[in-house]
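Report on the structure given below.
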C-alpha cells in the first residue's frame, strides 16, 4: 500500500461523505452494488494483496477543474510525472490554454487535463489487445503497457489525448487516477500539488468546497458526448466571443450564446498561402498505414473481380481464371498483400507481439479488421495453391469444388476485413475521417487498383486484351468516379460543419496545397483516360506506352490521396502551449535538432526500429 506521510496536509485527503445515485448521463454512480463479485478484490498494487478501506471505493470518481483559479504553474504536471516516473517527452496530465482579445482586454483561460476515466471509454473498446480495463474501484480506466503492442489506435479514438504513445518504448501509457493513493484516502498527486486550488477530486457530481459550477464543457474542451467523461468544470469569468489556440492547430472556438458553449471553427493561421511539404506528406509516421491499406484494398479488389467475374460467367474474366496466367496473378496478389501486412506489423511499437491484435474481437474494429484481413490472406494462399494445382492436374473435380468453397470463404473474409477497415476510421474524435467518404475512397481503391492489377499482369504476360481491357478500364473509371464523388460531397459537408474536419480541409488547401491539387488533377485526368481506354482500347507500342503512363499516374494519384488522408486529419484534442503539446514546435524541434535536448520534451520517432533480438525475450 501507498505510505501516508505523518505530516500529510489536510487538503490532500479525500473528504466525500455521501453522493448522488446517478450522474448527469443517467448512469449509476455506484459501480458495484452490495454483494457483487466485483467487490472486495485487491488491485494488487505493487503486488500488495491488501484492499483499501476507502468508504467510497465502489463509486465513480472524477476530477474537478476550476479554470478561474488556474495560474498555469504546471505543478500538477510535475507532480504527476515525478510520481509515475513519466519520461520528459510524455505527460499524463497537460496544461494548455486558449486566449482571446487584445491589450488591454486580453484574456487567457488555462486548462489542465488528464484521463477523464469516462463512462463510455472509447479507448477500451478500440484497443485490440485489451490493455484497458474499467475497474469497479473508483470507476478508474486503467491501462497495462505490458499488454500493449504499440498500435496507437487508442490515441486516435480518445478525444482528450489522454493515452500517450511513447515513440521510444513503442507502448502506450496514461493516467492511472493514482489509485494507490485513493486506496489510503489520498487525492491524486496532481490534485495535492495544485497551488491555486484549481484541481480537486472526489465522487463525481459532488460539488467541491469553494466551487459553484459543475459544467461538462469549457472553451477548448472536446465534445463530452463522445465518451461521457468524468470531469467537471467551473469557469465564471466572462470571455471573449472568440478564443484561439496558441499552438499550430488551425482551430479557434466561437461562443454560441443560445447554448452557452464554445464550438470549434477554422482559424486561418496560414492565411491562404500554398505549400507543398512533400517530405512531411510522403514520409510521415503513418506511411505504413498508407501502404497497408492500398496494398490490401488492391488485392481484395483483384480477387473479388476475378472470382465474381468467373462465377457470373463474364467471358474475359472467366477465360483468365482458366488460363495459366492465374499462377503469376495469384503470386503477385500474395506478394502485394504480404508486403502490406509486413509494413503494418513493423509499424507497431512491439511487432513481435502482433498476435495480440486478435484479443478484442468483441469490441475493437481493429481486431475485427485484423481477423478479416488475416482470414483473407490465408484463404488467398489456399486458393492460390489450388489454382496452381489445377494447372498441372486439370480435370480434377475435387480441386474445382474445393477452390470454389475456399474462394467463397475468402471473399467473405475480404468483405468483412474491408468493412471493419472502414469502420475503424469512423472516429468522432477525428471529424475529417468520420464521413461516408472514407468508405467511398476505400471501396473505390479496391475497384480501381484491383482492375489495374489484372490489366497490368495480362499485358505483361501477353494475354489478349481485346475484350478484357475495355471491361477493366470501365471498372477503373467507375472506381475513380466513385472516389471523386465522395471528395465533392465530403468537402461540402466539412464546409457546413466548420469543426476540426473543416480545419483539416483548410490544412489540405494550404500546407499541402500542391499535392492536393496534383491529386485532384490526376484524378480527373485518370477518369478521362480510363473512359477513353474503355471505349477505344490501346493499340501497338504507343498504346503500351500510354498504358504505362496511365498505370503510373493512377498509382501516384492513389498514394498521394491516401497520404493526404493521414497527414491532414486534425483530432479533437486539448489546446497546447507555445512549446508544450504543440505539433508545430515538435516538427521544428525534430528538423532542427532541438529534439536532442530532452528538457524540451520532444523525442524522435524511433519505436519502429525493431530489434529482432526482442524475439528471444519472453512475450
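A few notes on this one:
- Each residue in 516, 580, 398 was given a count of other beta-carbon atoms within 10 angstrom of its own, and listing them fewest first yields 398, 580, 516.
- Area projected by the alpha carbon convex hull of segment 409-553, averaged over all directions, nm²: 10.1
- Counting neighbouring beta carbons within 10 Å and listing from fewest to most, the residues 279, 326, 24 come out as 279, 24, 326.
- Spacing of the two label points (7 Å from each Cα toward its C-beta) at residue 88 and residue 520, in nm: 4.4
- Note that segment 67-182 carries a Kirkwood radius of 15.4 Å, evaluated over its alpha carbons pair by pair.
- Of the three principal axes defined by the Cα atoms of segment 477-519, the extents in descending order read 31, 23, 10 Å.
- The chain: angle of helix 397-423 to the longest principal axis, Cα-based, in degrees nearest 10: 40
- Gyration tensor (alpha-carbon) shape descriptor, segment 302-443, a/c threshold 1.5: prolate
- Between 0 and 90°, nearest 10: helix 513-536 axis offset from the chain longest Cα axis: 30
- Pairwise inverse Cα distances across segment 10-206, averaged and inverted, put the Kirkwood hydrodynamic radius at 17.8 Å.
- Rounded to 10°, Cα long-axis angle of helix 75-84 versus longest principal axis of the chain: 70
- The protection proxy used here, the mean number of other Cβ atoms lying within 10 Å of each residue, ranks peptides 444-456, 426-438, 188-200 as follows, highest first: 444-456, 188-200, 426-438.
- Column: log10 I(q)/I(0), Debye, Cα scatterers of segment 278-567, q = 0.07, 0.13, 0.14 Å⁻¹: -0.27, -0.94, -1.07
Read the figures in this text as sums done on the coordinates, not as results from a lab. Predicted, not measured: the structure shown is a model, and the values here were computed from it. FYI the Cβ positions are ideal-geometry reconstructions off the backbone, even for glycines, and counts take in every protein chain you see.
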